[in-house]
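**Q** Structure in structure tokens, see below.
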Amino acid sequence: MLVTGNDILVPARAGKYGVGSFNTNNMEITQAIIHTAERLRSPVMVQMSEGAIKYGGQDLANIVIDLAERATVPVALHLDHGSSYESALKAIKMGFTSVMIDASHHQFAENIQETRRVVEAAHAMGISVEAELGRLGGIEEHIVVDEKDAFLTDPEEAVQFVEQTGTDYLAIAIGTSHGAYKGKGRPFIDHERIEKIEKLLSIPLVAHGSSGVPAEIVQRFRDCGGEIGDAFGIADEDLQRATQHGIAKVNVDTDLRLAMTVGVREILKNSPKEFDPRKIMGPAREVMSKIVEHKLGVLGSVGKA
Ligand SMILES: O=C(COP(=O)(O)O)N(O)CCCOP(=O)(O)O
Ligand SMILES: [Zn+2]
């Protein structure tokens, strides 16, 4: 059933498990997310960035909404990284049941002001809101301590921010970063910071940049002609620890991008005569479903619906 983000994330925070929030850009990605969640009796969030909305528009949103409405588990449609009040309202008009206003690149006061505007409008329409404080940035050994802190979320500021905006859930910067290159080996995650914020805030916390970039998928990507550098993602153990301390929404996009591409490349490489889209996108959907299944297992949401 199609529900709001709060309907899914408030129980997740209370139950100390994470909910995967997977980006979609087409039908097959959407099916892999929702059908796998149904099979595993797991709540799930499907998110579209502004880039996905530009690419697929209401057509893609309607695919998500239709699958979500018919799903036997709770599904929310979430705007990922909404860049303005107007973008958030447009998404709500399109049928989104959760919206992010990402004003984290503004000064603290402006972030509060912009976020509060969206919260007031969204709440008037029964839609829940994600905001962001702090800035995602990979943490590398060479970044000195004070620079590192400039990126990461300040726990005391987070309390003020939530009190003054009324946001339903908060994306915090804890050392993760978007994309396939999150730091050598096992990227740094500031668990102490998460645990400080957990003690101060009772709302669901959000981790962006949480793809695991599994070595097996990276190798398959290379083996079928893909070119990728030293790619590393967030360790399963780090995600599991974070979900025990307030992280309830976990963003994953890169893993599904890699999985879909591996599925397509392997078919095109191994079956050069193939040009039936169902025989190309179908296997890609399978590779993605396996990634979703693994993630839901890591986050502990299996059987929670
Ligand atoms: O946190 C994440 C993804 O993290 P990941 O790269 O670790 O999967 N996201 O919010 C996904 C952002 C996708 O935006 P766009 O469609 O504009 O490229
Ligand atoms: Zn993000």
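**Q** Please report His123, His245, His78 as a ranked list, fewest other C-beta atoms within 10 angstrom at the top and most at the bottom.
**A** Numbers: His123 13, His245 16, His78 28.
Listed from fewest to most nearby Cβ atoms, that is His123, His245, His78.
**Q** Could you give the length gained by full extension between Glu274 and Gln164, i.e. 0.36 nm per residue of separation minus their alpha carbon distance, to one decimal place? All intermediate terms of the calculation are to be shown ahead of the outcome.
**A** Details: separation 110, 0.36 × 110 = 39.60 nm, distance 5.67 nm.
Going from the current span to full extension adds 33.9 nm.
**Q** Counting only residues 5 or more places away or on other chains, whose amide H sits under 5 Å from the amide H of Ile172 once H atoms are built in the peptide plane?
**A** The answer is Val206, His208.
**Q** Under 14 Å Cα to Cα from Lys269, which aspartates and glutamates show up? Leave out anything in the same chain fewer than 8 places away.
**A** Correct list for Lys269: Asp223.
**Q** Additional query: Can you compute 3J(HN,Hα) from phi for each residue in region 81-88, using the Karplus curve 6.51 cos²θ - 1.76 cosθ + 1.60 with θ = phi - 60°, rounded to whole Hz and x for Gly and Pro?
**A** Each residue of region 81-88 in turn: 6, x, 9, 7, 4, 4, 4, 5 Hz.
**Q** Run the helix sum for the chain: -39,500 (n - 2.57) per DSSP H stretch of 4+ residues, divided by residue count, reported at 222 nm to the nearest 500 deg cm²/dmol. Numbers along the way, then the final one.
**A** On the way: 12 runs with 157 residues, N = 305.
Estimated from H runs of four or more residues: -16500 deg cm²/dmol.
**Q** How do the peptides 153-159, 37-43 rank, highest first, by the average count of neighbouring beta carbon atoms within 10 Å per residue? Present the calculation step by step, with values, prior to reporting the outcome.
**A** Working: 153-159: 17.0, 37-43: 20.1.
The most tightly packed comes first, giving 37-43, 153-159.
**Q** List the residues, sorted by chain then number, that are 5 or more residues from Val3 or on another chain and whose placed amide H is less than 5 Å from its amide H.
**A** It is Val75, Ala76, Leu77, by chain and number.
**Q** Could you list which residues have their amide H under 5 Å from that of Ser49, counting only those 5 or more apart in sequence or on another chain, with H placed in the peptide plane?
**A** So Ser49 has HN proximity to Thr24, Asp80.
**Q** Test of understanding: ordering Glu227, Glu50 by Cβ neighbours within 10 Å, fewest first, what list do you get?
**A** On the way: Glu227 6, Glu50 17.
The fewest-first ordering by Cβ neighbours comes to Glu227, Glu50.
**Q** Right, next: Once label points are set 7 Å from the Cα along Cα→Cβ at both Asp236 and Lys16, what is their separation, rounded to one decimal in nm?
**A** According to this spin-label approximation, the distance is 2.0 nm.
**Q** Further question: In terms of Cα to Cα distance under 30 Å, which lysines are near enough to Lys16, apart from those fewer than 8 places away along the same chain?
**A** Candidates past the 8-residue exclusion: Lys148, Lys182, Lys184, Lys196, Lys199, Lys249, Lys290, Lys295, Lys304.
**Q** Tell me which lysines have Cα within less than 19 Å of Lys54's Cα, excluding those fewer than 8 residues away on the same chain?
**A** Lys90, Lys93
**Q** Using only Cα atoms, tell me the angle between helix 277-299 and the longest principal axis of the chain; keep it within 0 to 90° and round to the nearest 10.
**A** Once rounded, the angle reads 40 degrees.
**Q** Neighbouring Cβ atoms within 10 Å as the yardstick, rank His81, His178 fewest first. Provide the component values of the computation, followed by the final result.
**A** Details: His81 21, His178 17.
Final ranking by Cβ density, sparse to dense: His178, His81.
The numbers here are math on the coordinates, done by the rules we state, and not lab data. Bear in mind that the values here come from a model prediction, so they are computed numbers and not experimental data. Counting neighbours? That spans all protein chains shown, and the Cβs are built from the backbone with ideal geometry, glycine included.
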